[in-house]
1. Just give me the residues in region 273-332 being in contact with a strand residue (DSSP E or B) (Cβ under 7 Å, 6 or more places away or on another chain), under 20 Å from ALA182 (Cα atoms) and either in a helix (DSSP H, G or I) or hydrophobic (A, V, I, L, M, F, W, C) (or both), in sequence order.
2. Which residue, of GLU220, GLU244, GLU310, GLU216, is under 24 Å from THR159 (Cα atoms), without any contact (Cβ under 8 Å) to a residue 12 or more places away in the chain and over 17 Å from the mean Cα position of the chain (by Cα)?
3. For a quick check of your reading of the model, give me the residue pairs whose first member lies in region 281-305 and is free of Cβ contacts under 8 Å to residues at least 24 places away in the same chain, whose second is crowded, with 16+ Cβ neighbours inside 10 Å and β-branched (Val, Ile, Thr), with beta-carbon atoms closer than 8 Å and at least 6 apart or on different chains.
4. Which one of these does PHE257 not meet: (1) outside any helix (DSSP H, G or I); (2) among the hydrophobic types (A, V, I, L, M, F, W, C); (3) over 19 Å from the mean Cα position of the chain (by Cα)?
5. Select from region 1-23 the residues that are closer than 22 Å to VAL228 by Cα and either surrounded by fewer than 20 Cβ atoms within 10 Å (Cβ to Cβ) or in contact with an Asp or Glu (Cβ under 7 Å, 6 or more places away or on another chain) (or both) and list them in ascending order.
6. Report whether or not PRO266 is assigned to a loop (DSSP other than H, G, I, E, B), open to solvent by 80 Å² or more (accessible area, probe 1.4 Å) and closer than 24 Å to GLU216 by Cβ.
7. Among the numbered conditions (1) part of a helix (DSSP H, G or I); (2) under 18 Å from LEU148 (Cβ atoms), tell me where ILE42 comes up short.
8. What number of residues within region 57-82 are without any contact (Cβ under 8 Å) to a residue 60 or more places away in the chain and farther than 26 Å from ALA30 by Cβ?
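The values are calculated or read from the model by the stated rules, or taken from the named source; none is laboratory data. Please read these numbers as outputs of a predicted model, since none were measured by experiment. So basically every Cβ, Gly included, is an ideal-geometry build from the backbone, and we count neighbours across all protein chains shown. Accessible surface is based on the protein model in full, side chains and every heavy atom, while ligands, DNA and RNA are left aside. Shrake-Rupley method; radii C 1.70, N 1.55, O 1.52, S 1.80 Å.
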Amino acid sequence: MLKFGLETECCHLSFQNKRMDIFQFIDFAADTGFDGVVINVIEKRNLQEGLGALGKDDPEHIKKVAQKIKERGLYVSVDTRGTSFEHLSHMLDVADMLGADLLRTFVMVGNSFSHTNLVGEFSQEGMDQAYEELKKIVPLCEKKRIKLAIENHCAETMTEVMDLVNRVDSRWVGVLFDYGNAIPVYEDPMHALQLCTDKLFGVHLKDQVICKTGEENELEYCMSETGVGEGACDVIGLSKYIMEHTTLDRLNVETSFPYAGRFTRPVGTGGVTKLGEGAFSFAEPPMPMEKVKPLHYYSYGGEYLDEMIEMQMSSLRRGLAYLHRMRDEFEK
C-alpha cells in the first residue's frame, strides 16, 4: 500500500519559533495519520544545536529519537544538503542511527546561503566538484545500505541533476524529485519527473501557485507553496505517474506552506517561457499583503505567527485527507 511521510519542514514555523521539538513532531505525524517522518537536519533560524529539526548532534539523543520513531511505528528518512565527503559521511552515520534507508542531499553552490535563502545558485563548476565528492561516498553508502538521493533543489534543472547522477553511475546514488522545485528554473514538473524515473529514489510532494511578491526592487512574481491539493501543481497526475512507472511506495509531503521562493534561473531555462498556465498558474498569496508579504513567510515570527501556524497545521490535515482520497482512487 502507498504510504505517506511528513517532513519536518511542513512544521517549520513551529520548529523555528520553539513551539515544537522532534519528539512532538513524531507524535503529531503519527496522530495525524502519516506513515513516516522525514527529518531535516539543516541548520535554520533558532535551530542551531547542530542537526536542525533533529536537535542535538549527540548519539544518545539520536538514539532516543530513533526509539520514539520505532515506538510510533513510523518509517524514517533524513534530509541534508551539501556533497562534501566529510559532511555526507557524518550524515550517513546519523541516518544509520535513526534507522533510515534514504538520505537526501542537494548540491550546495555559492556563499549565498542563509536562514532565509536556502537555495544558493547553480554553477557547472559546483556540479563537477559534487561529482568528485559523490564518487568517494559511494562505498560508504553501500556499507551502510543507505541510498543517497540528489534533489532538484530550485537551482538545477532535472537534466543537470541527471547528468550528475549518471556520471556517478552507482545503484546507491539516485534522484529525489520535488513536485514544486522545477518551477523556479522554469521547468514543467511532469517533464522533470519523466527525465528521472529510472533513477528515482524518493519524492517531496507539495503544491504551489505563482503570486506577486509585493516587494519593491524584487522580481514581480514568486512561487508560493499551498496546502496539498489547493494549488496549481498536478499532484494526482504526478503521483499516478510515479505509481505506474516506478516501484516507490512512499510519498513524503514536504510543503513549507506558508513559504514563497524566488525564480532562480532566466526565463526559459527549463523549457517554460510563459507564466500563467498549468503548474505556473497565478493566484492570490495565502496571506493578505498588508499582513505578511510572501517572501517574508519562511522565517516569520511576528504578530500573525499564531494565525500562520494554524494555517500550516490545518493545511497538513486537509492535505493528508486529500492524499488518502487519491490513494483510494488509485487502488480501485
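1. Within region 273-332, LEU275, PHE280, PHE282, ALA283, PRO294, LEU295 qualify.
2. Details: GLU220 fails: under 24 Å from THR159 (Cα atoms); GLU310 fails: under 24 Å from THR159 (Cα atoms); GLU216 fails: under 24 Å from THR159 (Cα atoms).
The match here is GLU244.
3. GLY302/VAL292; TYR304/VAL292
4. (3)
5. So the first thing to find is which residues in region 1-23 are closer than 22 Å to VAL228 by Cα, and the list is 1-16, 20.
MET1, LEU2, LYS3, PHE4, GLY5, GLU7, GLU9, CYS10, listed by residue number.
6. Numbers: assigned to a loop (DSSP other than H, G, I, E, B): yes; open to solvent by 80 Å² or more (accessible area, probe 1.4 Å): yes; closer than 24 Å to GLU216 by Cβ: yes.
So PRO266 passes the test.
7. Going through (1) part of a helix (DSSP H, G or I); (2) under 18 Å from LEU148 (Cβ atoms) one by one, ILE42 breaks only (1).
8. Within region 57-82, residues that are without any contact (Cβ under 8 Å) to a residue 60 or more places away in the chain and farther than 26 Å from ALA30 by Cβ number 1.
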